[in-house]
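A.B. asks: Before I ask anything, here is the structure I am working with.
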Amino acid sequence: METQIRKADHLRICLDEDVQCRQITTGLERYRFTHCCLPEIDRGDIDLTTTFLGKPLNAPLLISSMTGGTEQAKTINRRLAGVAQHYRLAMGVGSQRVAVEQPQVAATFAVRDIAPDILLFANLGAVQLNYRYGLDECRRVVDGLAADALILHLNPLQECVQTGGDTNFRGLLKKITALCETLPVPVIAKEVGNGISAATAVQLLEAGVAAIDVAGAGGTSWALVESERASDARQRRLGKTFADWGLPTAECIAAVRAIAPQVPLIASGGLRDGLEAAKAIALGADLVGMALPFLQAANESDAALYELTDILIAEVTTTMFCTGCETLGALRSPGVLQKI
């Protein structure tokens, strides 16, 4: 029940409180596209299709991992899955630890009945591998979701600020390696808003992870989220002190892509519109993840969610048109994106 209450708190705080980073930014504002006033392409011919982990997508967008475990979360997940199916986007669910602890809430994550074709990611905290979780629990959340891959999220700062958080990360890399060798679906390593450095990405790739989601700083601060729900003054102050901790998203994308040219790479962390998504792709991302914009729209209505998705796709398409790029790969061509 404690985990379930935490999930409800997280939703409420993200929707109702200002828990965005205050000083650190994504770094994407330091980049600008080179405008092309003679694109020599038909906007209608622009191709946003891509593949990720072998599955086709109609646009390079991921509805990032957010929630599960409560009735409100169930409504949100099913709305998100419906739009993902309609637009053929990728989707991740929130941490399924609560479903392992309380199997009766597993249905709040289940979306395959309304989204049979989407690229769907299960999700557990990597640190749980040091707290009696193993292959069986990982397979259980993947099978329960009929997921295509498992996200292992890495969240040391959040666990430090969270009252009673799980902070034993010793020996975790070895356990991640063993899991990657035995789990029948790919493993994705993901931060939760503080970023993955190039050095850590190398370690994770050597351990066998199939993809990286950098989830950099500049968006929602989970230190602030946990500070808001902390039950004592020390934890509240700790969250405020580390509210702007982390590696900016843009830096993470560029750094990880530089050391791993072929790795399937997801950019998330503070992205709020399709122009920023296009910048992330130009920097080297294969897929762009967003959470808060989708959460806010899904909490409002199905109509708001479809309107948001349509706008995001239009923004990416317009960026491509006004840079003369007919494909996503062309966005990465030299001179298309400049640092300012």
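The values are calculated or read from the model by the stated rules, or taken from the named source; none is laboratory data. For clarity, every value in this text was computed on a predicted model and none was experimentally measured. Cβ sites come from the backbone with ideal geometry, for glycine too, and all protein chains shown count toward neighbours. Side chains are part of the model used for accessible areas, which takes the heavy atoms of the whole protein and leaves out ligands, DNA and RNA. Shrake-Rupley method; radii C 1.70, N 1.55, O 1.52, S 1.80 Å.
A.B. asks: Give me the percent of the accessible area of region 176-278 that comes from carbon and sulfur atoms, probe 1.4 Å, all protein chains in place.
C.D. replies: Carbon and sulfur: 55 percent of the exposed surface of region 176-278.
A.B. asks: Something else now. Please give me, ordered by residue number, the trypsin sites (Lys or Arg not before Pro) of region 220-275 that lie in loop per DSSP and have at most 16 other Cβ atoms within 10 Å.
C.D. replies: Here the sparse-neighbourhood loop sites are 272.
A.B. asks: At R0 = 35 Å, how high is the FRET efficiency between residue 296 and residue 168 if r is their beta carbon distance? Nearest 0.05 is fine.
C.D. replies: FRET efficiency, residue 296 to residue 168: 0.55.
A.B. asks: Still on this structure, I have one more. Return the calculated 222 nm mean residue ellipticity for the chain, to the nearest 500 deg cm²/dmol, obtained by summing -39500 (n - 2.57) across DSSP H runs with n ≥ 4 and dividing by the residue count.
C.D. replies: Result for the chain: -12500 deg cm²/dmol, rounded to the nearest 500.
A.B. asks: Here is a further query. With the calculation restricted to Cα positions, what are the radius of gyration and Dmax of region 1-129 in angstrom?
C.D. replies: 18.4, 59
A.B. asks: Top mean-square fluctuation among 262, 102, 20, Gaussian network model of the chain, C-alpha springs under 10 Å?
C.D. replies: Looking only at 262, 102, 20, the biggest GNM fluctuation is shown by 262.
A.B. asks: Counting only DSSP beta bridges with both residues in region 19-150, tell me the antiparallel percent, nearest 5.
C.D. replies: About 30 percent, rounded to the nearest 5.
A.B. asks: Also, quick follow-up: How large is ³J(HN,Hα) for each residue in region 245-254, as worked out from phi by the Karplus curve 6.51 cos²θ - 1.76 cosθ + 1.60 (θ = phi - 60°), to whole Hz, x for Gly and Pro?
C.D. replies: 7, x, 9, x, 3, 4, 5, 5, 4, 5
A.B. asks: What residue among 243, 130, 278 has its Cα farthest toward the positive end of the dipole of the chain, where the charges are +1 on Lys, Arg and -1 on Asp, Glu, each on the Cβ?
C.D. replies: Of the candidates, 130 comes out farthest on the positive side.
A.B. asks: Express the Stokes-Einstein translational diffusion coefficient of the chain in µm² s⁻¹, to the nearest whole number, given a Kirkwood radius over alpha-carbon pairs, 20 °C and a viscosity of 1.002 mPa s.
C.D. replies: 107
A.B. asks: Could you check the spin-label model distance between residue 3 and residue 30? Points 7 Å from the Cα along Cα→Cβ, value in nm.
C.D. replies: Placing both labels 7 Å beyond Cα along the Cβ direction yields 3.9 nm.
A.B. asks: Inverting the mean 1/r over all pairs of different Cα atoms, compute the Kirkwood radius of region 126-259 and quote it in Å.
C.D. replies: Kirkwood hydrodynamic radius for region 126-259: 15.6 Å.
A.B. asks: Note down the magnitude of the dipole of the chain about its Cα centre, charges +1 on Lys and Arg C-beta and -1 on Asp and Glu C-beta and zero elsewhere, to the nearest 20 debye.
C.D. replies: Dipole magnitude for the chain comes out near 840 debye.
A.B. asks: Given an 8 Å cut-off on Cα distances and at least 6 residues of separation, report the relative contact order of region 34-150 as a percent.
C.D. replies: Relative CO of region 34-150 lands at 22 percent.
A.B. asks: What part of the accessible area of region 36-164, given as a whole %, is carbon or sulfur when the probe is 1.4 angstrom?
C.D. replies: Looking at region 36-164 in its full context, I get 50 percent from C and S.
A.B. asks: Also: Which of 227, 301, 64 ends up with the largest GNM mean-square fluctuation for the chain, with Cα atoms connected below 10 Å?
C.D. replies: Looking only at 227, 301, 64, the largest GNM fluctuation is found for 301.
A.B. asks: For region 1-72, take every pair of Cα atoms, bin their distances at 10 Å starting from 0, and report each bin as a whole percent.
C.D. replies: Bins of 10 Å from zero give 12, 22, 29, 25, 9, 2 percent of pairs.
A.B. asks: Still on this structure, I have one more. Using a 1.4 angstrom probe, figure out how much accessible area the chain has per residue, in square angstrom, rounded to the nearest whole.
C.D. replies: 41
A.B. asks: Which of the trypsin sites (Lys or Arg not before Pro) found in region 111-150 are loop residues per DSSP with 12 or fewer other Cβ atoms within 10 Å of their Cβ?
C.D. replies: Of the trypsin sites (Lys or Arg not before Pro), the ones in loops of region 111-150 whose Cβ has at most 12 other Cβ atoms within 10 Å are 132.
A.B. asks: Placing +1 on the Cβ of each Lys and Arg and -1 on the Cβ of each Asp and Glu in region 17-78, which of 67, 31, 52 has its Cα farthest towards the positive end of the resulting dipole?
C.D. replies: Looking along the dipole axis, the top candidate is 67.
A.B. asks: Here's another thing I want to ask about it. Sequence-distant or interchain residues sharing an amide H contact under 5 Å with residue 109, placed H: which?
C.D. replies: Amide H to amide H, under 5 Å and 5 or more residues apart or across chains, residue 109 pairs with 69.
A.B. asks: List the chymotrypsin sites (Phe, Trp or Tyr not before Pro) within region 73-176 that fall in a DSSP loop (any state other than H, G, I, E or B) and whose Cβ has at most 13 other Cβ atoms within 10 Å.
C.D. replies: 131
A.B. asks: Under unit Cβ charges (Lys, Arg +1; Asp, Glu -1), what dipole magnitude, rounded to 20 debye, does region 20-68 have relative to its Cα centre?
C.D. replies: Computed charge dipole of region 20-68: roughly 380 debye.
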